[in-house]
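The values are calculated or read from the model by the stated rules, or taken from the named source; none is laboratory data. Values in this document were obtained by computation on a predicted structure and should not be read as measured data. With ideal geometry, Cβ positions are generated from the backbone for all residues, glycine too; neighbour counts draw on all protein chains shown. Just the protein is used for accessible areas: all its heavy atoms, side chains included, with ligands, DNA and RNA removed. Shrake-Rupley method; radii C 1.70, N 1.55, O 1.52, S 1.80 Å.
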Amino acid sequence: MFYTESEIIEYLNENDVKFIRLAFCDPYGCMKNVSIMNSELGRAFSTGISIDASAITGFGTVDESDLFLRPVISTMTLLPWRPSQGRVVRFYCDITYPDGTPFEMDNRLILRNAVNHAREFGVRCSFGAECEFYLFKLDENGNPTKIPADYAGYMDVAPFDKGENVRREICIALEQMNFAPETSHHEEGPGQNEIDFKYSDAMTSADNVLTFKSVVETIAAANGFHANFRPKPIAGEAGNGFHINMSPRKIGETGPDSDMKRHFMAGILKYIREISIFLNPTEESYQRLGSFKAPRFVTWSPLNRSQLIRIPAGTGEYDRIELRSADCMANPYLAYALLLEAGLEGIQMKLEPSEPTNKNLYNLEERDLEGIPELPYTYGDAADLAMSSEFVKRVLPERAILAYCKQIRK
C-alpha cells in the first residue's frame with residue numbers, strides 16, 4: 001500500500017514501470033484511458049493530464065472540451081498480462097475542470113456523493129457483485145462468432161466446460177491485482193460463466209466491476225475467445241445478470257441490523273421502476289427480464305430466485321440483500337449511487353416492504369399475478385419513468401439522465 005506520490009514514483013522507478021494508464025469510466029460504464037510515460041506521472045499528480053471531453057459521448061461539447069484526469073493513489077495496480085520489462089500500471093482517476101473544480105459527470109464523484117450522504121446519517125453499505133458473461137469462439141480472422149465456447153450446463157466440469165482454464169487465468173490475474181475473487185463456475189447457458197468477488201465498500205466494488213470486465217475481456221482474447229457481457233447474447237438461452245449484493249450497516253458496527261436492512265430494501269423496492277434504465281440500459285436488457293430467473297415483478301422473498309430481491313442464506317458479513325434485475329451493461333457507479341440513495345431514503349423514512357412473495361412467479365397463472373407491480377417492459381418505458389422521477393433528479397446530474405433517456409449515445 002502506498003500513501004504518498006513520492007512513494008509511488010520511487011516504486012515505479014525500482015520496478016521498471018514505463019507506462020501509466022490513466023483510466024476512467026464514461027457515462028455508460030465503459031472504461032476509457034490515456035497512457036503516459038513514467039516521467040509524466042509527477043505532472044499528472046500536480047496538475048492532471050488533459051483530455052478532449054467532447055470526444056466522450058455524454059461528457060462535453062467542443063466549446064467546453066478540456067477536462068483533466070487526476071490519478072487516485074489508492075487505485076494503482078500493475079497489469080499482470082503486460083511484459084515484465086517496461087511494465088504497465090493503471091490508476092483510476094478523478095476528473096476535474098481546468099481550474100480543479102470537480103466535473104459533475106465524473107462517475108466516481110457521483111458515487112462518492114452518495115456514500116458521503118449515507119455517512120452523514122451514520123450508514124455505510126458494502127457491495128458485492130456477481131457478473132455473468134458468455135465466451136464465444138473467434139473466426140480465422142480473430143473476429144467474434146456466435147458459436148459458444150461449449151455446450152456445458154450449470155456447474156458442469158471439464159471436459160464439457162471449456163471455460164475452466166479461462167476462469168482460472170482470470171482469477172489468478174485478479175489476485176495479482178490485489179482483487180479478491182471468491183467463486184467461479186459454469187453458468188446455465190452454453191459457454192456462459194460466472195465469477196463472484198468479495199464484498200467491499202461501494203467505491204472499491206464499483207472500481208472492481210470495471211477492472212473485472214477489462215480482465216475478462218483481455219484473458220478471453222488471449223485464449224482465443226470473445227467475452228460477451230450483453231444481457232441476452234443468445235435468444236432462448238439464459239441472459240447475463242449483474243446481481244448486486246448489499247449489506248447496509250450502522251457505521252462502527254460489524255453485525256447486521258435487521259430493521260435497517262428491511263427499510264433499505266423497502267427504499268429500493270419503492271424506486272426500482274424509476275431507476276431501471278440505469279440498471280438495464282439497453283433495449284436488449286428488457287429481453288432478458290422475465291425468463292431464466294431474471295425477475296419481471298417488483299417482489300421480494302427469502303431465498304426464492306424468481307424474485308426481484310431475495311435474502312440469501314448467510315450470516316455475518318454475508319448477511320445481505322441481493323438485487324437480481326441488473327445486467328452487466330449497467331454503469332456500476334451510477335447503479336450503486338442510485339441504490340444507496342434509495343436504500344438510505346428507506347432507512348430515513350422507516351419504509352416497510354410489502355409482504356414477501358414466497359412463490360415461483362414463473363409458474364403462476366395470469367390471474368394470480370394481477371396487482372403485482374412490474375418492471376418496465378421496454379427501454380422507452382424505463383426512460384419515461386426515469387425522466388419523470390424526482391428521486392433520480394436528486395441523485396444524478398441532468399446530463400447523466402439525458403445521456404440515458406434521450407438516446408445521445410453514439
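Remarks
- Residue match in region 263-271 (condition: open to solvent by 30 Å² or more (accessible area, probe 1.4 Å) and touching a residue at least 40 places away in the same chain (Cβ under 8 Å)): yes
- Residues in region 118-137 that are open to solvent by 10 Å² or more (accessible area, probe 1.4 Å), within 25 Å of Lys232 (Cα to Cα) and over 18 Å from the mean Cα position of the chain (by Cα): Lys137 alone.
- Subset of region 272-292 [surrounded by 18 or more Cβ atoms within 10 Å (Cβ to Cβ) and either assigned to a helix (DSSP H, G or I) or among the basic types (Lys, Arg) (or both)]: Ile272, Arg273, Glu274, Ile275, Ser276, Ile277, Phe278, Leu279, Ser285, Tyr286, Arg288
- Looking only at region 10-65, and only at residues there that are part of a strand (DSSP E or B) and aromatic (Phe, Trp, Tyr), the one that is most open to solvent (accessible area, probe 1.4 Å): Phe19
- Residue in region 384-393 that is open to solvent by 90 Å² or more (accessible area, probe 1.4 Å) and within 22 Å of the chain's Cα centre (by Cα) present: yes
- The residue of region 340-365 that is surrounded by the fewest Cβ atoms within 10 Å (Cβ to Cβ), among those that are part of a helix (DSSP H, G or I) and modelled with pLDDT under 95, is Asn363.
- Lone qualifier among His226, His263 - being in a helix (DSSP H, G or I), at pLDDT 95 or above and more than 18 Å from the chain's Cα centre (by Cα): His263
- Residues being basic (Lys, Arg) and either buried (at least 23 other Cβ atoms within 10 Å of the Cβ) or in a helix (DSSP H, G or I) (or both) are entirely absent from region 244-252.
- Test: Phe19 is out of contact with any helix residue (DSSP H, G or I) (no Cβ under 8 Å at 6 or more places or on another chain) and more than 28 Å from Thr282 (Cβ to Cβ): no
- Within region 131-171, the set of residues being closer than 18 Å to Lys213 by Cβ and among the acidic types (Asp, Glu) comprises Glu132, Glu169.
- Verdict on Glu140 being acidic (Asp, Glu) and more than 26 Å from the chain's Cα centre (by Cα): yes
- Selection within region 70-80 - more than 15 Å from Met31 (Cβ to Cβ) and hydrophobic (A, V, I, L, M, F, W, C): Ile73, Met76, Leu78
- As a summary of the residue check, Ala220 satisfies the conditions (1) in a helix (DSSP H, G or I); (2) open to solvent by 30 Å² or more (accessible area, probe 1.4 Å); (3) of a type in the set (A, V, I, L, M) except for the one numbered (2).
- Residue check for Gln407: part of a loop (DSSP other than H, G, I, E, B), open to solvent by 80 Å² or more (accessible area, probe 1.4 Å), polar (S, T, N, Q) and modelled with pLDDT under 95: yes
- The strands (runs of 3 or more DSSP E) falling completely within region 87-196 that include 2 or more residues that are of a type in the set (D, E, K, R) map to 87-96, 123-138.
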